[in-house]
Amino acid sequence: MAKIKLLTDAASDISPECERELGIRVIPFKVTMGDETYTSGIDFDNEKFYQMLDAYDGVPVTSQITAFEYEEIFKEIYDEGYTDIINVTINREGSATYNNAVMAAESFYENNPEAKGKLTIYNIDSESYTGSYGYPLIKAAGKIKKGVPAAEIAAFIQDYVKNCVIYFAMYTLKYARKSGRIPSAAAFVGEVMGLRPIMRIHDHEIKTHTKVRGDKAVIPKIIDLTSDEIIPKTPYCIVYGKDEAVRDELAKAMTKKLGYPPEEFFQIGAAISINAGPLVVGAIFKSSKP
């Protein structure tokens, strides 16, 4: 009988509650700030990290999940009697984590030849960040309970991430400037003029899709962009940072526009907030024109 394990990294922004209730294993990232190294989900939660980020003058650095770590995890899961591992990782263009997982699978079978034919490992590059792969993993957990085969579940996740789009706004350019995501001069001018970039995330890329002037213009623009592109009547999710009021404002306005509420909420963790800052909001959905 098939026994399927869902595996991902902390940049999926799956909540600790979902991790526990759905049995999804989330591998933490290590974050270095000066001389100190911390582990996400162990040394800090999201709220504490936002405070740490505000207080730190430098640029925190996240460490990739290594091939050695993955191989150890694959062995643990195999020893627990699982027949399939579906592992979905952060965008391979933003981290070596996916490539390390692929190398680890090869090494695992070399070191454990008896596992061939007993354990299948599906490594999937999310091509993106946050709930764009957190959401299909949550849905995959429900499919496992219904007895859907692993190959079908992996295909479902692969299809979702390939067609998923995020429109994502930063209310401050401070952190993007510090991390180098936006050149200092451009970030300074943008702040002075009150410009808020609306980023489109899809197919491994983060692009500035448009800019709006002032905070009040952010949510209406995200709604317009999403409603124009979402596959009608399909689920969507809200991504946000430390401001729950902004999250609720977008959810209310999206519900009014589309006629139904968001299915999930994803609060960004360290991997995303290091580059975007904690003041963000966005929509995640399956696009009709990816």
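We did not get these values from a lab; they are worked out from the coordinates using the rules stated. What you are looking at is a predicted structure, and each value in this text was computed from that prediction instead of being measured. Here Cβ is always computed from backbone atoms with ideal geometry, including for glycine, and neighbour counts include all displayed protein chains.
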| remark: Highest mean packing first, using Cβ neighbours within 10 angstrom, the peptides 35-46, 134-145 sort as 134-145, 35-46
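Starting from 0.36 nm per residue, how many nanometres of slack lie between Thr255 and Glu69 once their C-alpha separation is accounted for?
This chain segment gains 62.8 nm when fully extended.
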| Taking the Cα-to-Cβ direction at Ile231 and at Glu76 and moving 7 Å from each Cα, how far apart do the two end points lie in nm? | 3.5 nm
| note | So the angle from the long Cα axis of helix 131-145 to the longest Cα principal axis of the chain, reported in degrees to the nearest 10, equals 40 degrees
| task | Using label points projected 7 Å from each Cα along Cα→Cβ, tell me how many nm separate Glu93 and Val148, to one decimal. | result | 2.7 nm
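For the pairs Lys162/Lys211; Lys3/Lys145; Lys207/Lys252; Lys257/Lys286; Lys143/Lys286, note any where the Cα-Cα span goes beyond 21 Å. Numbers along the way, then the final one.
On the way: Lys162/Lys211 25 Å; Lys3/Lys145 10 Å; Lys207/Lys252 26 Å; Lys257/Lys286 17 Å; Lys143/Lys286 19 Å.
Listed pairs above 21 Å: Lys162/Lys211; Lys207/Lys252.
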| task | Treating the angle as unsigned and between 0 and 90°, give the value, to the nearest 10°, between the Cα long axis of helix 244-258 and the longest Cα principal axis of the chain. | result | 90 degrees
| request: Enumerate the residues in the stretch 60-86 having an amide nitrogen under 12 Å from the point lying 7 Å beyond the Cα of Glu106 toward its Cβ. | output: none
| request: Can you tell me the 0 to 90 degree angle between the C-alpha axis of helix 67-79 and the longest principal axis of the chain, rounded to 10? | output: 50 degrees
